[in-house]
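Visitor: Quick one: structure below, then a few questions.
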Amino acid sequence: MTVEIQTNTLDFIFEDLNESNILLFAAKCYEKPNCIDSEFDEDYKRVRYIKRLLNRYRLTGQIKERLLLNHLVVAQNVFGILPCTRMLFARVGKKDWSALKTFLLYTSAMPKVVKGINGEDIISSDISVDLKIADILRKI
């Protein structure tokens, strides 16, 4: 006789997210059950592309808003909105959180609190909105 242990399949969504477990977290949240590794890798790279685009914006002052929105929407579709938001905050540096928050607000994906990122919770009201990006997004 076997005993089945029932666990909530969503418990992992709220575990502490850091560099050592982000790839496993992404794999658990991936919403394409019958995919090949290259498809997952391609979709996971979108998180890195978003990080690069935000970093480039901070360094040069130029933003490719439509490209970033494209990557963001696709990542949100394949990983889920909340998991994607958590992965982005775990991967993107604090210097770029203002720009990230602005894009997440535009896509209605910014929660009041992002729980468990590198051992702490991120409160949305503590992060300012990037007004330059907000003006650009208003014109889209």
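The values are calculated or read from the model by the stated rules, or taken from the named source; none is laboratory data. Values in this document were obtained by computation on a predicted structure and should not be read as measured data. Quick reminder, even Gly has a Cβ in these numbers, built from the backbone with ideal geometry, and neighbours come from all protein chains shown.
Visitor: Would you confirm whether or not the range 69-86 contains a residue that is outside any helix (DSSP H, G or I), touching a residue at least 12 places away in the same chain (Cβ under 8 Å), crowded, with 17+ Cβ neighbours inside 10 Å and aliphatic (A, V, I, L, M)?
Guide: No, that holds for no residue.
Visitor: Let me ask something additional. For the range 25-32, does any single residue satisfy the condition of being surrounded by 14 or more Cβ atoms within 10 Å (Cβ to Cβ), modelled with pLDDT under 95 and among the small types (Gly, Ala, Ser)? Let's see the steps before the verdict.
Guide: Here is the first cut: in the range 25-32, the residues surrounded by 14 or more Cβ atoms within 10 Å (Cβ to Cβ) are 25-26, 28-30.
With modelled with pLDDT under 95 added as a condition, the list becomes 25-26, 28-30.
Those still in the list that are among the small types (Gly, Ala, Ser) too: 26.
The answer is yes, given that some residue of the range 25-32 is surrounded by 14 or more Cβ atoms within 10 Å (Cβ to Cβ), modelled with pLDDT under 95 and among the small types (Gly, Ala, Ser).
Visitor: Scan the range 102-140 residue by residue and report those that are farther than 13 Å from Cys84 by Cα, of a type outside the set (D, E, K, R) and outside any helix (DSSP H, G or I).
Guide: Within the range 102-140, Val113, Gly116, Asn118, Gly119, Ile122, Ile123, Ile127, Ser128, Val129, Ile140 qualify.
Visitor: Out of the residues in the range 22-48 meeting the condition of being of a type in the set (A, V, I, L, M, F, W, C) and touching a residue at least 40 places away in the same chain (Cβ under 8 Å), tell me which one is farthest from Val92 (Cα to Cα). Walk me through it before giving the result.
Guide: So in the range 22-48, the residues of a type in the set (A, V, I, L, M, F, W, C) come out as 22-27, 29, 35-36, 40, 47.
Add one more test, that the residue is touching a residue at least 40 places away in the same chain (Cβ under 8 Å), and what stays is 22, 25-26, 29, 47.
Details: Ile22: 12, Phe25: 16, Ala26: 15, Cys29: 19, Val47: 9 Å.
It comes out as Cys29.
Visitor: While we're on this one: Can we say Lys132 is at pLDDT 95 or above and more than 16 Å from Val47 (Cα to Cα)? Steps first, please.
Guide: Working: at pLDDT 95 or above: yes; more than 16 Å from Val47 (Cα to Cα): yes.
Criteria met by Lys132.
Visitor: Report whether or not Ile133 is more than 16 Å from Tyr30 (Cβ to Cβ) and over 15 Å from the mean Cα position of the chain (by Cα). Working first, answer last.
Guide: Details: more than 16 Å from Tyr30 (Cβ to Cβ): yes; over 15 Å from the mean Cα position of the chain (by Cα): yes.
Yes, satisfied.
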